[in-house]
Every structure is written in structure tokens, then in C-alpha cells.
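Below is one structure, written out as C-alpha cells, with a few remarks after it.
The values are calculated or read from the model by the stated rules, or taken from the named source; none is laboratory data. The structure displayed is predicted, hence computed values, not measured ones. Don't worry about glycine lacking a Cβ; one is built from the backbone with ideal geometry, like all the others, and counts go over all protein chains shown. Note: accessible area is taken over every heavy atom of the protein model, side chains too, but ligands, DNA and RNA are not part of it. Shrake-Rupley method; radii C 1.70, N 1.55, O 1.52, S 1.80 Å.
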Amino acid sequence: MQHTGNITFIMISTILFSLAGFRPFAQTAFKQSVKGYVTDAASGKALPGVTVMFQPSGLSAISDSSGYYVIRNLPLGRYSIEYSTIGYESRTLSDILVTSGKENEQNISLTEKFKNLDNITVSSSRNRLKPINEFATVSARSFSIEDTKRYPAAFSDPARMVMNFPGVAASNDGDNSIVVRGNSPSGVLWKLEGIEIPTPNHFSNLGATGGPISMLSSNVIGRSDFYVGAFPAEIGNATSAAFDLHFRNGNKEKAEHSVMLGTLGAELSTEGPLGKSKNASYLINYRYSTLALLKSFINLDGEVPDYQDISFKLNWKTARAGEFGLFGLGGYNRYSRESLQDSTKWDSDEPNISYKGSSKLGVVGLTHQVFLGSNAYLKTVISASYTQSGNDADTLNPAAAYIAIPASKEAFTNKALRFSTYYNVKLNARNTMRTGFILQQWYHNLGSYYYDDKLYEWKQVLEGAGNTQFYQAFVQWKYRFTDRLSLNSGLHGSYLALNRKSSLEPRAALSYAVRSNTLSLGAGFHSRPEHISTYLFEEKTQNTESFYPNKNLDLSRALHIVFGFEHFFNQLNLRAKSEIYFQHLYKIPVEAQTPSGFSTINMEDVYDLLNTGPLVSKGTGKNYGIDLSLEKPFSNNYYFMSTLSLFRSTYRNYAGEEYNTRYARRFTYNFTGGKEWQGSRNPNRILGVSAKLLGAGGLRNSEIDIPASRASGNEELVAGRYFTGRNPAYLRFDVSAYIKKDRKRATHIISLEIQNLTNRENIYNNYFDERSGTVKTSKQLGILPNLSYKIQFH
């Protein structure tokens, strides 16, 4: 690893050397435009006559009849933007960066105030963290493009970015699956433009909600919401967390482009107006990558992966029919591995496996929003999705001149048609209601087989083709007792036609704000069906009759209770927050055997079902703890966030015995911070650095029965010793740095991200190695750098 240490030293030296000659911000001679829309938070209608003030420049604008405002020829730099109008609470956004390569768009919503109160100004820290969804009260926050770029080792990936938030941890370094408050990653919901989508990750396993690399690019993501518990009534099919992602609209006035080259690949983006009316725009982003450049840092075990993806959004408005959007996301990846024809060099748990595989994902959707009167609108989304993956694997027989012997084969296809619509009406300043329903039609064709070299026969674990439906409906109501006290309540219903299982879920949340403090209390029931592969999983001899023992599993369910307290230090633009939570999980699928410790609570994908018998929905679990955070959003050229989570995570098996879950790490902590400087000799140059220290208790592992494992040739666990062991504590240090330079019509950015700067060898898990007959340990990723160059221009 000597070359790794040398490269690390060079990288750090370059960053430190670049610090020389930088000073705090000053404005420059180059100029740019800032624009956006102002709307009513409850009704979504445009707000005309809003005064938009840019400080310290003193320039201002007034929103027109469509809520649109624009300031042109604004000198480059950072600004605070104040929004105010009669009858609404004023809002302020601080430290908005204006660069030459791209126009800045800031869309904002204002809350109507009661007539008997004086004008209220909401601080910038509250604005940036408050979720977009007005019905979200607890355990929710928004994030932006800048967040996905700013946090070290986020690699512009929303899932990796939220790992900085309290209560959220990574499942492992090589994957963006997230563990939220001790829950399995399989309980996470992904939504895009208001409708559910398949897991948007490359190289993702069947039934998983994460993957090594995201298909989502920071070039297209707009401000979005992230939920970690006690979801509002419109969020269904989730028991752990939910991403509610939105693509931003392209520039409707002029064409803008960006090009990026880096160690993770190349990326191209373009956007601009459609036609001359300035009522329509396009946004397209394409990316191609191969991990071959990082093979010195990542142990690819002989694998050669590459991938590509594309995202797009078309947006147009009409005077009578409303606003339309056409969006899409597609990705393709492939991978292969050739085993060495030398058995003395086989040293992994799959030492002689050769394979070829690929997967595809495609999502396309159409959105429509139309106003029905001045205070109500109807929003509808229709979409279609397609996922396909396949893999063929062989083993080599060293006793027969390394001849290839078939080992496994799989082919998965999932399709879905989805329809979502809801009606939102603001009855008055106190009352807002929203009701809607979601229809999903699922199609599946799944096949997975492996060759049992002890019984000399093919075994089937998945086989089936067909379709089913999943229906959801909701109603929710927000009532504001005063400007300070509000109630969000609602009801969500779900029905799975595959086995006629249903769930009715009441939810409610209170929020009370006094001076700089906010108290919140939320509770609700939630449910989620298993992935279709779980219902069809059946390990048996191929070509024998299937009876699908898991088909009648109920929806997995959870009760969430959250109490939160926030204090805003307005002068410091600082927020301190704590949330105490309790989650009761029930009707969880467990293996219907008394000595078994299997529960889907510990699952990451469908392959965790291997070597398990039929499942029944009789398991339970609980998660409880406290999340603490102290956060300063970016202002005055720096930001930081410090979090600490203390929690317990347990489950009960079929016999009713209680054990720690795989994710019962007991604690996680995180400190992230960063600062920017502007060049003293060249004021158009900005340097930014960030660092993150991430720590957690070790993941849990079960005790392996070595004699039994040697006898069966498979990993066997000691009965009653499930997840009793714990890996050493996890610790990782990440850094990032960038230099941003403005020209008249372009912005150049050179950035470097380094995950695990100290190359610490954190432990992932223990496993039984059949070849040696011993227990071995697998380690997580070591140092992982990503160097890139990006230019934005128009």
C-alpha cells in the first residue's frame, strides 16, 4: 500500500498549498441573473406583489402575476434574499451563491399569517431545513443540490449524503443502503416527482433498496424531502425511511451546459428553453463510467464493472390546461469476472467463480398540475418502470484441467404501471386538506437457480411469472390553531391483491413554536409489503411443483412515536435539535422453526432467504433511542453539523426469544464541517474544504458453528447465539476540497473527495469459508479517492 500513502500525501499537500492567498469573500466584476417563483405554502398558488430584496447589494424585485421574479446583472458573490408581502410571514434565505456559469433559481413558498398578529420573519436556518411538504411535522427535512455536493464522500449521491443526518448510518462502505434508527434498509421508499420508483442504483441486488452507485445526478436533483419516521398520511409503503425526490426544471430563458471528467467517469448535462415562449424547458444529463481507474484502491476481486445512465425532464405551462412535466431515468450496467486457473491463489469465500452479468432500469412518467379555483389544485402522475437483470456463473474444476462447470443462473424482470393523483385545497388560513390515491400494477418474471455439487442437481430458489396490484389511498388535514400551534392528521390505507392483505393506518402530529423553540409530537401506523421475490422464494429441486410457502405473508407493520424539540439560535444561524423515538414492529416475517433466528428485520436483499424454510408473519421488533444534532447551515462562508444517536434495536423470532438485530450498533456519531475562501489576488476564485469524522458501534454478527458448518458445507449458526457478537467500533475520516473559478460565461470546478483518508480497515462481517473450513473476516473499503473537473457554461 506504499503507492496509496504517497498519493494521499500528494493530495493533502496540494489542498494545503492551495489555501495560501485566499481571504473572505468580496464581490467581483462578473454578473449573473437570479430568478424564481413565490407561491402560497398551503394552496400552491402564485403570489404576486412579493418584494424580493438582495442584501448587501440593495437590489430588489417584485413578483409578477405568476409569482415570477428576476434580478439581472447581479455581481457575483453570496447574498441574503428577503421575501416579504402583506398578509404572509416573511422569509430569508442566506448565503445564496451567484456564479457566472449558471443562472441561480430560488423558488420559495410563504405561509399566510393570521390577521391579528404582527409580521413574522422566519430565519434562514429554519427555511433550509424545513421540509417542502407542508404536512410533514416530525422526523423530516429538505435537502438541496448543494448539500449533495458539499458533504465529503457523498459523491453527489442523495443516499450517501443523508448518511450525515442523525439516526442514519451506512449498511456498509461499498453500498449506499441506509440503516435508519436500527431498521433494515429494505424498509426505505424511493419516490421521484411524486410517485414510487424502483431502487435507482447500479449493481443493486434483487429486493434491495440500495446499491454501490446511484443513477441520480446532482445536476438534475432539485430541492427534495427526506423522512426518517412518523410519516405524513400521503407516504405509504415505507416502514423505515422515504426519499421524496424532485428533478429541477431546466432554464426557460437560455441554454446552459456542463461537462465533468473524473476518476468515476464522464458526465454531460444540457438545459434550456423549448420554443420562444419561455413557458417550456428541457433538462438532460448523461453519464458513463468505469471503475477501472480505481482498481488500485478498490479490491474488485478480478471484476470489471462499467455503467451508464441518463436523466431528463421536460416542463411546460399552458394558460388553461395547467403545468405538465415529462421525466425519465434510465441506467445500464454490466460486470464480469474470470477466475484464475490456479487453485493456489483462490483465497476468498467464492474462490473459483467466473461470471457475467448485466442489469437495466428505466422509468418514464408524466406529471400534470392544474388549479381548480384560486386555492385548490389537482396533481396527477402516471409512470411506467422496467427493471431487468441476469447473471450466469461457472466454477472451475482443478482436477479436470480447470474445466468450467455451471454453478448458477438467474434472470429477473419486473415491470410496473403506476397512477397517482391527489386534490389539495386551502379552505382558509387555518385549514388545508389533501386527499388522493395510488394504483400500482406489477408484472414479474423471476428465475434463479444454482447447481448443488453435493447432490448433483439443480436447485430452484425463484421461479414465477405473473402480475398483481397494490392500491393505496389517503386523506390528511392540517389545522392551524394559531400561528404557533398546528395539527397534522390523516389516514392511509393499503391493499395487496396478491394475497388480499390490507392495512388501515391513522397518523397525527402536533407542532408548537414559541419564540425560538419548537416542540413536536408525532405518531402513526405504517406498513409495507415484502418485495415480490420474497413471496415467490422457494428453495427446492428444479422442475418439481411449486406451492410458494411465503405467498400469504401479511404486510410488515410499524408503529412510530416521535417527540422532538428544536431551538434556533437566530443570531448565530444555528439549530439544536433532539428527537426521542419508539418504534414497535409487528407482523414481521420469521422462519417458522423454533430454533431459527431468522427475521426479515435483518434482511438486506432476497438472497438473505437462502437456507431458510417457510416464513410466517409472527415476528416483532422494537427500536428506541434519541437523535441529537447541532447544525449550522452554510452561512458566513462556513457550515458544520454534529450528530449523536443512542439507540437499541431488537427483534423476536418465531419462538418469541429476543435478540439484538444485525444493526444494533448502540451508537453512531458524526461531525462534518467546511469552509470557503476567496482568492486575494484573483477574487473570481473560491476554495472550499470539508471534513467528516464518522463513528459507530460495530455491526452485529452471529456465532458460527464450525463443526456443523464443516459437516454440511454451508454456514451453520449456533442456536440461540444470534447477533450476540459485535465487530470492533467503526471509524472513518473523509475529506473533500474544491477550487471554483469564474470566467465571464463559465465556471470551472476542480474537486477532490477522499473516503476513508486514513485507510482504516473496518470490519464488515464474519463468514464460514468452505474451502478452508474456518471462519474468516471480510473488511470494508479502504481509501477511495475521486478527482474530477467540471465546467458550467452558457
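Could you look through the range 653-687, keep only residues that are more than 30 Å from residue 617 (Cβ to Cβ) and touching a helix residue (DSSP H, G or I) at 6+ places or on another chain (Cβ under 8 Å), and pick out the one that is surrounded by the fewest Cβ atoms within 10 Å (Cβ to Cβ)? That would be 677.
When the range 237-270 is examined, which residues are found to be hydrophobic (A, V, I, L, M, F, W, C) and either within 30 Å of residue 180 (Cβ to Cβ) or assigned to a strand (DSSP E or B) (or both)? Of everything in the range 237-270, those that are hydrophobic (A, V, I, L, M, F, W, C) and either within 30 Å of residue 180 (Cβ to Cβ) or assigned to a strand (DSSP E or B) (or both) turn out to be 238, 241, 242, 243, 245, 247, 259, 260, 261, 264, 266, 268. Of the strands (runs of 3 or more DSSP E) lying entirely inside the range 706-794, those containing at least 1 residues that are surrounded by fewer than 16 Cβ atoms within 10 Å (Cβ to Cβ), among the charged types (D, E, K, R) and at pLDDT below 90 are 774-779.
Within the range 583-592, not a single residue is over 30 Å from residue 129 (Cα atoms), part of a helix (DSSP H, G or I) and open to solvent by less than 10 Å² (accessible area, probe 1.4 Å). Scanning the range 299-331 for residues being of a type in the set (D, E, K, R) and modelled with pLDDT of 90 or more gives a total of 4. Checked against the criterion of being within 26 Å of residue 509 (Cβ to Cβ), among the polar types (S, T, N, Q) and modelled with pLDDT under 95, the candidates 570, 636, 611 yield just one match: 570.
Against the numbered list (1) at pLDDT 95 or above; (2) among the β-branched types (Val, Ile, Thr); (3) open to solvent by 40 Å² or more (accessible area, probe 1.4 Å), residue 541 comes up short only at (1).
Open to solvent by 50 Å² or more (accessible area, probe 1.4 Å) and within 28 Å of residue 245 (Cα to Cα) - does that describe any residue in the range 383-401? Checked the range 383-401: at least one residue is open to solvent by 50 Å² or more (accessible area, probe 1.4 Å) and within 28 Å of residue 245 (Cα to Cα). Please verify whether residue 608 is acidic (Asp, Glu) and open to solvent by 40 Å² or more (accessible area, probe 1.4 Å), treating the condition exactly as stated. Yes. Of all the numbered requirements in (1) surrounded by fewer than 17 Cβ atoms within 10 Å (Cβ to Cβ); (2) modelled with pLDDT of 90 or more, residue 10 misses one, and that requirement is (2). Number of residues in the range 465-500 that are part of a strand (DSSP E or B) and either among the aliphatic types (A, V, I, L, M) or crowded, with 18+ Cβ neighbours inside 10 Å (or both): the value is 20. Among the residues of the range 573-586, some residue qualifies, meaning at least one is of a type in the set (D, E, K, R), out of contact with any Gly (no Cβ under 8 Å at 6 or more places or on another chain) and closer than 22 Å to residue 521 by Cα. Return the residues of the range 413-436 that are surrounded by fewer than 20 Cβ atoms within 10 Å (Cβ to Cβ) and part of a strand (DSSP E or B); say none if nothing qualifies. Scanning the range 413-436 gives 413, 415, 417, 419, 421, 423, 425, 431, 433, 435. Looking only at residues of the range 593-605 that are in a loop (DSSP other than H, G, I, E, B) and within 24 Å of the chain's Cα centre (by Cα), we find that the one that is nearest to residue 185 (Cα to Cα) is 604. Across the range 756-773, a minimum of one residue is classified as under 23 Å from the mean Cα position of the chain (by Cα) and at positive phi. Listed by position, the helices (runs of 4 or more DSSP H) enclosed by the range 120-228 include none that has at least 3 residues that are open to solvent by 20 Å² or more (accessible area, probe 1.4 Å) and modelled with pLDDT of 90 or more. Report, by residue number, each residue of the range 688-701 that is crowded, with 21+ Cβ neighbours inside 10 Å and in a loop (DSSP other than H, G, I, E, B). The one that is crowded, with 21+ Cβ neighbours inside 10 Å and in a loop (DSSP other than H, G, I, E, B): 699.
Filtered by the rule that a residue be of a type outside the set (Gly, Ala, Ser), in contact (Cβ under 8 Å) with a residue 60 or more places away in the chain and crowded, with 18+ Cβ neighbours inside 10 Å, the range 593-605 gives 600, 601, 602, 603, 604, 605. Of the residues examined, residue 558 is not one that is open to solvent by less than 30 Å² (accessible area, probe 1.4 Å) and over 25 Å from residue 239 (Cα atoms).
Conditions (1) more than 30 Å from residue 138 (Cβ to Cβ); (2) touching a residue at least 40 places away in the same chain (Cβ under 8 Å); (3) open to solvent by 30 Å² or more (accessible area, probe 1.4 Å); (4) assigned to a loop (DSSP other than H, G, I, E, B), marked per residue:
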{"site": "438", "(1), (2), (3), (4)": "no, yes, no, no"}
{"site": "519", "(1), (2), (3), (4)": "no, yes, yes, no"}
{"site": "523", "(1), (2), (3), (4)": "no, yes, yes, no"}
{"site": "550", "(1), (2), (3), (4)": "yes, yes, no, yes"}
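Of everything listed in (1) more than 17 Å from residue 149 (Cα to Cα); (2) over 24 Å from the mean Cα position of the chain (by Cα), the single unmet condition for residue 747 is (1). Here residue 430 clears all of (1) closer than 30 Å to residue 397 by Cβ; (2) of a type in the set (D, E, K, R); (3) touching a Lys or Arg at 6+ places or on another chain (Cβ under 6 Å) except the condition numbered (1). Of all residues in the range 419-431, those that are farther than 30 Å from residue 442 by Cβ have Cβ atoms under 7 Å from Cβ atoms of residues that are part of a loop (DSSP other than H, G, I, E, B) and open to solvent by 30 Å² or more (accessible area, probe 1.4 Å), 6 or more apart or on another chain, in 425/375; 426/375. For residue 83, the test of being assigned to a strand (DSSP E or B), modelled with pLDDT under 90 and over 24 Å from the mean Cα position of the chain (by Cα) is failed. Being acidic (Asp, Glu) and open to solvent by 10 Å² or more (accessible area, probe 1.4 Å) is a property that does not hold for residue 256.
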